[in-house]
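The values are calculated or read from the model by the stated rules, or taken from the named source; none is laboratory data. Remember, it's a predicted structure, so these values are computed and weren't measured experimentally. Neighbour counts are summed over all protein chains in view; Cβ atoms, including those assigned to glycine, are modelled from backbone coordinates with ideal geometry. These accessible areas exclude ligands, DNA and RNA; they are computed on the full protein's heavy atoms, side chains included. Shrake-Rupley method; radii C 1.70, N 1.55, O 1.52, S 1.80 Å.
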Amino acid sequence: FGLSNKFDTEFPSVLTGKVAPEEFKTSISRVNACLKKNLPVNVKWLLCGCLCCCCTLGCSLWPVVCLNKRTRRSIQKLLEWENNRLYHKLGLHWKLSKRKCETSNMMEYVILIEFLPKYPIFRPD
């Protein structure tokens, strides 16, 4: 369904001077912990759904779709919490985004880190 089982914890060079490497690693570790908790359950339901797919006319795959959606929502909530806790104050915004894979036509979810524009506080309204 496009979700990775783990995101890379390597510190990107574009964030040097914006975020401490420890904070970045802590945030990514939280996301990876959420994935580690949820994905094994999703895989078990996917296997059961595939085995029973012919008998249920595809309805046995609905639990997998719902669990995948729940996992994405929990990651999005976690990223929103991280944004409110730290990254919005630093002028950054993290979000989960769907992108096309570089090697194939399949879609995957990636974490995008966007730089928020600085608002001129000295300019009158």
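Data overview
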{"quantity": "Filter pass, Cys55 being surrounded by 11 or more Cβ atoms within 10 Å (Cβ to Cβ) and modelled with pLDDT of 70 or more", "calculated": "no"}
{"quantity": "Candidates Lys36, Lys89, Lys69 - the one that is surrounded by fewer than 16 Cβ atoms within 10 Å (Cβ to Cβ), assigned to a loop (DSSP other than H, G, I, E, B) and at pLDDT below 95", "calculated": "Lys89"}
{"quantity": "Those residues of the stretch 20-31 which are open to solvent by 10 Å² or more (accessible area, probe 1.4 Å), touching a residue at least 24 places away in the same chain (Cβ under 8 Å) and closer than 17 Å to Lys89 by Cα, in sequence order", "calculated": "Glu23"}
{"quantity": "Complete set of residues in the stretch 92-121 that are open to solvent by less than 80 Å² (accessible area, probe 1.4 Å), closer than 20 Å to Gly17 by Cα and not hydrophobic (A, V, I, L, M, F, W, C)", "calculated": "His93, Glu114"}
